[in-house]
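The values are calculated or read from the model by the stated rules, or taken from the named source; none is laboratory data. Because the structure is a prediction, the values reported are computed rather than measured. A quick note on method: Cβ atoms are made from the backbone with ideal geometry, for glycine too, and the neighbour counts reach across all protein chains shown. Side chains are part of the model used for accessible areas, which takes the heavy atoms of the whole protein and leaves out ligands, DNA and RNA. Shrake-Rupley method; radii C 1.70, N 1.55, O 1.52, S 1.80 Å.
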Amino acid sequence: MFKWFSRNEVERDIYSPNKNIRCHFTLKSGQVTYSVFRNEKLIIRNSRLGFLICGEQPLVNNLKLIREQRKHHEEFFEMPWGEDRYINNTYNEFAFYLSEAKEQKRIFTLRFRVFDNSVAFRYEIPPQPKFSQITIKDELTEFNVDLNSIAWKIPAYQPDRYEYNYEKTMVHQLQNSVHTPLTLKTPTGYYLAIHEAALYNYGSATIKLNQNNSLKIDITPLSDGTKAHVVLPFQTPWRLIMIADSATELTTNRTMYALNEPPVGDFSWVHTLKFIGIWWAMYVGEWTWAPGDRHGATTTHAKEYIDAAVRLGVSGLLIEGWNDGWEGDWLENGINNKFTIATPDFNLEEVASYARNHKIEIVGHHETVGFIDNYEKQLEEAYNYYAANGIRYIKTGYAGSKMSINGRREYHHSQLGVNHYQKTVELAAKKHICLDIHEPIKGTGIERTWPNLLSREGARGQEYEGGALSPSHACYLPYTRLLSGGMDYTPGILDLTNSVKRMATTLARQLAYFVTIYSGMQMAADRPFIYEQRFPEEFDFIRSVPTNFSKTIPLAGEIGEYYVVARKDRNSEDWYIGGVTDENGRRIHISLEFLERGAVYKASIYADADHAHYREEPFAIIKQEKRVGCNDVFDLYMAPGGGFAIRLTRL
Ligand code: NOJ
Ligand code: CA
């Protein structure tokens, strides 16, 4: 349904299918704004929309509506892997076709989609005479939330990219730009997350409080100071506002995926993976990435780890530090990294063939150190080299505070950074390779379109243990970073008290992470001898926990305090429950009413003992088995810095 006309003053309401959310669009005095209501309570005040364009008049004034179009869409689509098998894509859409009334008469479209739990909109700019290639100076989009809302934020434009501890602050106290997803709690008690979906060929959105006290989008700039160079037609990523009544409800908002396109082509070759790695031994100083006496990635070690993977029942092995160039000050020397030449003590062909014979997937590794020019020169050949050796998974890395692209220093989350990551995803798809990107661009749901992008890091992970992580960190993640998709947190470090990297967790909590932090490529990150010799029973849980779920049900939690979640295996009738808490111990009751009526399950429980504590008694664990059904309630204790993990096997 659409209409043609020319109007200067327009007001429209777009309701969510269940009518609980109302997005109000206004065209007044030639300018467009929107506001959002939940249950008729205002949650986003009149907020400005538009652009500043280099060498052109701003695209924001003298607008008139020339056409409008409405649509209702109802769909559940299936994701090949993830936290939920089916995702609801039901919304009411309103597209506003706008034109300048005077002078150039440039046109663009504002498309809104209102879901039962979200509002999204994007700008679409078609090519037009004298307006075909533009440089965005600024995007003016605002999200005018109540300044007395609470925000949980990490800073943008910092050397460690997204790898910061979350901080709680009031919106009116925000000083510098912060990353999305930006999670907020309004004074009226609603939980919001401002994020974006389908980020392609554009700087990523950060958010800042501007001089007029509104939250405004701050697109990551390029080194030339502009935000993006685009050729029309162009559409921005979706601007996404997730809305929930509780913190836990926010965690299952999957609108980000709904706003991405279905995959094109066959991705049936993509499979999630659990893997161990020639990795943590480097963090604890036993081995090194660089060649030498204690070099980790040798042919011998790799074969030993492949044997261990077979014994442990894990399907993959990551090998870091295998390639030529990783020497001395690796952050400085990263420009020398070669991605098709192994170190002399590592025979890739031999290791790959040994892995194949033992049915173990090798996870290759490309640490680019952000030297994109160096990496892109080798990209095709490097992927071919792995593919020719049957290697179907690659972990990439972009350490360093900025990227060097075209000889200039660019932010990882700038348009050029975004385009680089996309190039790797698309080339990998062509070669049937799955990626786990460290120091990535944040998730915006593109894995719906590119299911071979199985995981990314993009937050502080366990590599920061040994001082920089507090127990609350993993209690923030589900409500913040993980709203943007799975994360390779590198869980399962069971050697908690090693002298180099002491964990701020209990033992049971390390198991909980496999449930509370989803990753399509999930690492059992400790060294295999730790699992085999010291914790074989705990490893039973790590072995069994799936990397692909059909349903996720958050059971309890508050941001930064605790989180309890149940997930159903995609390939069986089994369920897994995980819980984590901050520095405070807490007792929790979990009703099993979500289980199928009449069904009986064996519960294998790994929980903190009463005297457990992440500092004093991290290993104090209780392991128990029980028969349970949907009428049962678990009464569980999570120690300070602790948690629990439960496997429910259908009998
Ligand atoms: C940082 C990554 O997060 C980590 O997993 C990797 O081992 C190092 N960079 C070296 O590439
Ligand atoms: Ca990292």
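Under 16 Å from Ile319 (Cβ atoms), open to solvent by 10 Å² or more (accessible area, probe 1.4 Å) and either assigned by TED's automatic domain parsing to the domain that holds Thr340 or in contact with a helix residue (DSSP H, G or I) (Cβ under 6 Å, 6 or more places away or on another chain) (or both): is that true of Glu367 in this structure?
yes
Determine which member of the set Leu232, Leu240, Leu147, Leu250 is buried (at least 19 other Cβ atoms within 10 Å of the Cβ) and over 26 Å from Gln462 (Cβ atoms).
Unique residue meeting the criteria: Leu240.
Pairs only if they're at least six apart or on different chains, beta carbon under 6 angstrom, first in segment 605-631 and more than 18 Å from Val515 (Cβ to Cβ), second open to solvent by 90 Å² or more (accessible area, probe 1.4 Å); list them, first residue then second.
From segment 605-631, the pairs are Glu617/His611; Ala620/His611; Cys630/Glu593; Cys630/Arg597.
Return the residues of segment 457-483 that are over 22 Å from Ala556 (Cβ atoms) and away from ligand 1 (no atom under 16 Å from the Cβ); say none if nothing qualifies.
Selection gives Gly467 alone.
Report the residue count in segment 256-283 for those that are over 23 Å from Ala198 (Cβ atoms) and surrounded by 22 or more Cβ atoms within 10 Å (Cβ to Cβ).
Of the residues in segment 256-283, 8 are over 23 Å from Ala198 (Cβ atoms) and surrounded by 22 or more Cβ atoms within 10 Å (Cβ to Cβ).
Just wondering, is there one or more residues in segment 303-322 that are of a type outside the set (Ser, Thr, Tyr), within 16 Å of ligand 2 (Cβ to nearest atom), touching a residue at least 12 places away in the same chain (Cβ under 8 Å) and farther than 23 Å from Ile276 by Cβ?
The answer is no, given that none of the residues of segment 303-322 is of a type outside the set (Ser, Thr, Tyr), within 16 Å of ligand 2 (Cβ to nearest atom), touching a residue at least 12 places away in the same chain (Cβ under 8 Å) and farther than 23 Å from Ile276 by Cβ.
For every residue, the table says whether it meets (1) on the phi < 0 side of the Ramachandran plot; (2) within 16 Å of ligand 1 (Cβ to nearest atom); (3) out of contact with any Gly (no Cβ under 7 Å at 6 or more places or on another chain).
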{"position": "Tyr398", "(1), (2), (3)": "yes, yes, no"}
{"position": "Ser401", "(1), (2), (3)": "yes, yes, yes"}
{"position": "Ser404", "(1), (2), (3)": "yes, no, no"}
{"position": "Gly407", "(1), (2), (3)": "no, no, yes"}
{"position": "Gln422", "(1), (2), (3)": "yes, no, yes"}
{"position": "Lys431", "(1), (2), (3)": "yes, no, yes"}
{"position": "Cys434", "(1), (2), (3)": "yes, no, yes"}
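Looking at Thr188, Thr206, which one is touching an Asp or Glu at 6+ places or on another chain (Cβ under 9 Å), in contact (Cβ under 8 Å) with a residue 24 or more places away in the chain and not in a strand (DSSP E or B)?
None of the others qualify; the one that does is Thr188.
Only residues in segment 289-301 that are outside the structural domain of Gly397 (by TED's automatic domain parsing) count as the first member; pair them with residues that are surrounded by fewer than 21 Cβ atoms within 10 Å (Cβ to Cβ) and modelled with pLDDT of 95 or more, Cβ under 7 angstrom, at least 6 apart or cross-chain, and list the lot.
Every condition considered, no pair remains.
Taking helices (runs of 4 or more DSSP H) that do not extend beyond segment 252-331, which have at least 2 residues that are within 15 Å of ligand 1 (Cβ to nearest atom)?
On the way: elements: 255-258, 280-283, 299-312.
Correct list: 280-283.
Can you tell me which of Ile372, Ile405, Ile394, Ile362 is more than 27 Å from Glu350 (Cβ to Cβ), in contact (Cβ under 8 Å) with a residue 24 or more places away in the chain, in contact with a Leu (Cβ under 7 Å, 6 or more places away or on another chain) and more than 15 Å from ligand 2 (Cβ to nearest atom)?
Ile405
What number of residues within segment 608-651 are outside any strand (DSSP E or B), touching a strand residue (DSSP E or B) at 6+ places or on another chain (Cβ under 8 Å) and not acidic (Asp, Glu)?
10
Which condition breaks for Glu426 when tested against (1) open to solvent by 20 Å² or more (accessible area, probe 1.4 Å); (2) within 30 Å of Gly557 (Cα to Cα); (3) among the acidic types (Asp, Glu)?
(2)
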